[in-house]
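Q: What follows is a single structure, and I will ask about it in a moment.
The values are calculated or read from the model by the stated rules, or taken from the named source; none is laboratory data. Computed from a predicted model, the values in this text were never measured in an experiment. Ideal geometry is used to build each Cβ from the backbone, glycine not excepted, and the neighbour counts take in all protein chains shown. The protein model used for the area step is the full one, side chains on, heavy atoms only, and it has no ligands, DNA or RNA in it. Shrake-Rupley method; radii C 1.70, N 1.55, O 1.52, S 1.80 Å.
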Amino acid sequence: MAANIREILKTYWGYDAFRPLQEDIIAATLSGYDTLALMPTGGGKSICFQVPALAMEGVCLVVTPLIALMKDQVFQLRKRKIPAAAIFSGMHQKEIDLVLEWAAIGKIKFLYLSPERLKTNLFRERLKRMQVGLLAIDEAHCISQWGYDFRPPYTEIYQIRELLPKTPCLALTATATPKVKQDIMEKLHFPDSAKVFIKSFARANLSYSVFYEEDKPKKVLQILKNVQGSAIIYLRSRAACKEMAAWLRKQGISADYYHAGLTQEQRNTVQQSWIEGKIRLIAATNAFGMGIDKPDVRLVIHTELPDSLEAYYQEAGRAGRDEKKAYAVLLYNQNDIQNLTKRTLQAHPSSAIIRKTYQSLANYFKIAVGSFPKDSFDFDIEDFYKKFNIPYTEAYYSLKKLEEQEFIQLSESFYLPSKLHFLLTSQDLYNYQIRYPEMDSFIKTLMRLYGGLFSAYVSIQEKKIATQAKITPFETKNKLEFLAQTGVLDYIPQKDAPQLQFLTERYGAADLPLNEAFLAFRKNDALDKISAMTQYVQNQVRCRTQVLLEYFGEITDQICGVCDVCIQKKKQSSTTQLLKNEQDTAKISTAILQMLTSEPIELRLLVEKISTHQGILQSEKIMTALKKLLEEELIARNQFGEIYKK
């Protein structure tokens, strides 16, 4: 078996050996054990489920909460000629159906999907026909109510496990406290025989530093001049990312920005330019970095406080994955601490505000008490909060809480591209082109621009098609709709609004069965996390790596020696030692002058006398004192090297 998995690693990834713990995790999974793997960011978690899945029969179901992560890993697998696909919110029903059919008939090896997708009847029906070799749960901390990114649908994954009684489960996370670790295993119904692998959260090559700073851009520039190489700067707002990148470019540093508001094409272009080293720095929100394979990041800077040490550790850990020297720097001031507390309280609105938002939502869509709309609605949140005079943050976080408690479901895929899929075979399409010559040129343009139209739904750009076909975008859309109506292809036009769906019948606001105790628990837990974050940045005494390790349940008396606290202590120790040396030298100099006369004395005898006088032999310090006295011409040496007082 070991030879087989190493062969897989070499064939698809080009590596000769596994990183620490990877092979142990893979071996446990292949032996059929339910397994929990806690590995720091950059520890190579994905290989831990991808390699055993390739060594097994059947499809590997990968549950992950992030669309960007799904897309990136599917792209990376396909690049290695490994069949993979993903299902995520915003995809058309027909497209989802096609991907599930591929999984059922064994045409794909990895199927990435969100935890919400596991609950759908469509998925569960297809699951009956799937041969599932492995169930992998990525970002497993989302299962725990104590996790920093709790997702309620994760807690129901055990229901799928009941449908796959012989399929091993591998849960992976980069950030889990002891409480979270225990909760993950309980929520996934792991037996006592389950294996747990924990790689130390210590990163010997990563230097953590925290600086209290009012002029952050100036400090950022100073850091970038001192530390060469690829870098990420994390900021909270999209506007701040754009402004920082523009300002750095004016300072002569190649930089660009990245956030969820960019189109997919823009994000891909920026990301690829950074990965290839065409630009040095990315100014980004926390939407950037998940699943991106760039090992040579030398520097990660945070200019604002993350919401938790888990989030900070994960984002900072994107530096130095190649295990070479790297730096994680956090800049803060008193306003940041106040803003962090304010944001946390805003993110946990009162039940009265949540009920008010729910009532407004029902009024917005004109839904009567007791009715249960089955369709999703186009949802313009800006229009919603303006119409009902609800502050934006209040509305946004109330909607999140309503989603968390499963009263509604929101799709945040605001601007999905249009998609095409040919329904005819290539031969039938050829016959169609002969019968309808006026569509021949247009169909050829589609096939020239996009590959894979017969086997999958492919993202398209109507403007690009129009340019190539030398017609207007309006005519392009008409032709696509005509081809869809005549059964040649399936055309899914781009949606331009997020979707909202009610998951229960509409309640009266006062009767809405909110879990008040859980709302209070989540708020208190969030406040505890920001308290730990605040203590971390204000700490000036303990090694920062020690503080982080302790937070994740790993106790050590070893200091890193490279964080700002350790470096400051070294400087203080050096200064103290220097001062002591100077004091010792002064005492010895006084003793020498008291002992010497105008009569010369051998150097050896003088050293012995001084050593006896001082109580211990300190020849190095005595020589330093003699050198100083000679330079000051208070003593002299004759031609025989003997010392005398002038």
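Q: State, to one decimal in nm, how far the label point of PHE388 lies from the label point of LYS374, with both points 7 Å from Cα in the Cβ direction.
A: For the pair PHE388/LYS374, the computed spacing is 2.5 nm.
Q: Could you work out how far the C-alpha centroid of the range 435-462 sits from that of the range 89-124, in angstrom?
A: Cα centroid to Cα centroid, the span is 25 Å.
Q: Further question: From the residues PHE123, ILE8, THR585, which one has its Cα farthest along the dipole of the chain in the positive direction, the dipole being from +1 and -1 charges on Cβ of Lys/Arg and Asp/Glu about the Cα centre?
A: Result: THR585.
Q: For ILE408, list long-range residues whose amide hydrogen, built 1.01 Å from N in the peptide plane, is under 5 Å from its own amide hydrogen.
A: Here GLU403, LEU503 satisfy the definition.
Q: Now for a different question. Which whole-percent values make up P(r) of the range 1-121 when all C-alpha to C-alpha distances are grouped in 5 Å steps starting at zero?
A: Cα pair-distance distribution for the range 1-121, in percent: 2, 10, 20, 23, 21, 13, 7, 3, 0.
Q: Additional query: Jot down the radius of gyration and Dmax of the chain, Cα atoms only, both in angstrom.
A: 32.5, 124
Q: For a paramagnetic label modelled at 7 Å from the Cα of HIS189 toward its Cβ, which residues of the range 155-170 fall within the zone defined by backbone nitrogen distances under 14 Å?
A: 155-169
Q: What do you get for Rg/Rh of the range 337-481 when both radii come from the Cα atoms and Rh is the Kirkwood radius?
A: For the range 337-481, the value is 1.20.
Q: Using a probe of 1.4 angstrom, how much of the accessible area of the chain is carbon and sulfur, in percent?
A: C and S fraction of accessible area: 51 percent.
Q: Can you give me the angle between helix 67-79 and the longest principal axis of the chain, using Cα atoms only, in degrees from 0 to 90, rounded to the nearest 10?
A: Between helix and principal axis, roughly 90 degrees.
Q: Considering only Cα-Cα distances, which of the following residue pairs are longer than 20 Å: LYS94/LYS366; LYS356/LYS400; LYS79/LYS109; LYS225/LYS325?
A: The answer is LYS94/LYS366.
Q: Taking the alpha-carbon distance from LYS470 and a cut-off under 20 Å, which lysines remain once sequence neighbours fewer than 8 residues away in the same chain are dropped?
A: Reachable lysines: LYS444, LYS479.
Q: Counting other Cβ atoms within 10 Å, keep those with at most 13, restrict to DSSP loop, and tell me which trypsin sites (Lys or Arg not before Pro) in the range 214-276 are left.
A: Listed in order of number, the matching sites amount to none.
Q: Report, ordered by chain and residue number, the lysines lying within cross-link reach of LYS627, taken as a straight Cα distance under 29 Å and ignoring same-chain residues fewer than 8 apart.
A: Cα-Cα hits under 29 Å: LYS570, LYS571, LYS580, LYS587, LYS609, LYS645, LYS646.
Q: Would you calculate the separation in nanometres between label points at LYS587 and GLU642, each defined as 7 Å from the Cα along the Cα-to-beta-carbon direction?
A: 3.0
Q: Could you please put ARG280, ARG544 in sequence from largest to smallest accessible area, using a 1.4 Å probe?
A: Output order, biggest surface exposure first: ARG280, ARG544.
Q: How high is the relative contact order of the chain, in percent, with contacts defined as C-alpha pairs under 8 Å that are six or more residues apart?
A: 12
Q: Give a quick list of GluC sites (Glu not before Pro) in the range 407-503 that DSSP marks as loop, anything other than H, G, I, E or B, with at most 15 other Cβ atoms within 10 Å.
A: GLU412
Q: On C-alpha positions alone, give me the angle between the axis of helix 216-226 and the longest principal axis of the chain, in degrees, nearest 10.
A: 70
Q: Compute the projected area of the convex hull of the Cα atoms of the range 454-506, averaged over all viewing directions, and report it in nm² to one decimal place.
A: The orientation-averaged projected area of the Cα hull of the range 454-506 comes to 5.9 nm².
Q: Do any GluC sites (Glu not before Pro) in the range 244-327 lie in a DSSP loop with no more than 12 other beta carbon atoms within 10 Å, and if so, which?
A: Listed in order of number, the matching sites are GLU276.
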